[in-house]
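The values are calculated or read from the model by the stated rules, or taken from the named source; none is laboratory data. Treat the numbers as computed from the prediction; the structure is a model and nothing was measured. Virtual Cβ from ideal backbone geometry, glycine too; neighbours counted across all protein chains shown. SASA here: full protein model, heavy atoms, side chains in, ligands and nucleic acids out. Shrake-Rupley method; radii C 1.70, N 1.55, O 1.52, S 1.80 Å.
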Amino acid sequence: METWFGVTSVYSFVPFSLSHLLALAIAVIGIIALVSARALLREKKRLFQSLRWVLLVLLFASEFSYHYWAITNGVWSFSGQMPLHLCGIASITAMIGLLTMRPLWIQLSFYLGILPAFLALITPELPYDYQHFRFWKFFVHHTAIPWACLFLALSNPTAIHLRSVFSVYALLLVYAAFIGFYINPLTDSNYLYLMQRPTTASPLDFFGNGLWYYMNLCLTALALFILQYLAFQKFIKIS
């Protein structure tokens, strides 16, 4: 138990190993199941409420346990553990969305949570394999985020409209400016990867350097928001 919940482990994470592929498969199966059962979720109120609270518990337990692990092991820091990356923000908006079911939180969760969390699942910044707590926390959390964000959108599909693409994108730009100009420099952090790219291989490696890097981040985010909106309208909302 001490090794499992400790700071270090002799079992290093290997990308696309069996444990990684199984975690990815579970995430994909959950997405398919949610989409397939969207009509049933609207008809069966008890099933809807049960899944709603299960997702909320998973998100909260993941966030709480991570901070507890970091504090217990004396490694907590503002620059390393605050939920200020997109996945962390999406986790918070999804929890608020699950509690309130308000359109704004559904929109924020839908655009900020699904694709970033899946990208994190594919290219995780993760030191240890399944023999360590960090592996389970990461994959449970980053699997629950897109599940919860999609669940919210499916519960109120009319909240996902064209105007929401640009309103959420504008809020993201404001948030990114705040993180980039104030939080990262003041705390020596790298939230949103605005100071440097992730240490693991990721699509951000192709975004160039300097001004080109930030321009590509902005343009890619807008393009993905639009594509996600179009895909939702075509394959989910109208079916």
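Which condition from (1) at pLDDT below 95; (2) open to solvent by 20 Å² or more (accessible area, probe 1.4 Å); (3) in a helix (DSSP H, G or I) is the one that A117 breaks?
Among (1) at pLDDT below 95; (2) open to solvent by 20 Å² or more (accessible area, probe 1.4 Å); (3) in a helix (DSSP H, G or I), A117 violates only (2).
Going by the conditions given, is L51 at pLDDT below 95, of a type in the set (A, V, I, L, M, F, W, C), closer than 16 Å to C149 by Cα and out of contact with any strand residue (DSSP E or B) (no Cβ under 6 Å at 6 or more places or on another chain)?
Taking the combined requirement at face value, the residue does not satisfy it.
Give the number of residues within the stretch 40-66 that are under 16 Å from the mean Cα position of the chain (by Cα) and either loosely packed, with under 13 Cβ neighbours inside 10 Å or over 17 Å from R102 (Cα atoms) (or both).
Total meeting the criteria: 9.
In the set Y229, Y169, Y213, Y182, which member is touching a residue at least 60 places away in the same chain (Cβ under 8 Å), part of a helix (DSSP H, G or I) and not acidic (D, E)?
Y229
Can you name the residue in the stretch 193-221 that is open to solvent by 80 Å² or more (accessible area, probe 1.4 Å) and of a type in the set (F, W, Y) and is also farthest from the chain's Cα centre (by Cα) among such residues?
Going through the qualifying residues, I end up with W212.
I'm checking my understanding of the structure. Among residues of the stretch 130-149 that are open to solvent by 20 Å² or more (accessible area, probe 1.4 Å) and either hydrophobic (A, V, I, L, M, F, W, C) or not in a helix (DSSP H, G or I) (or both), which one is nearest to Q233 (Cα to Cα)?
W147
Only one of L86, L152, L104 is surrounded by fewer than 18 Cβ atoms within 10 Å (Cβ to Cβ), under 18 Å from the mean Cα position of the chain (by Cα) and over 23 Å from F5 (Cβ atoms). Can you tell me which?
Working: L86 fails: surrounded by fewer than 18 Cβ atoms within 10 Å (Cβ to Cβ); L152 fails: surrounded by fewer than 18 Cβ atoms within 10 Å (Cβ to Cβ).
On inspection, the qualifying residue turns out to be L104.
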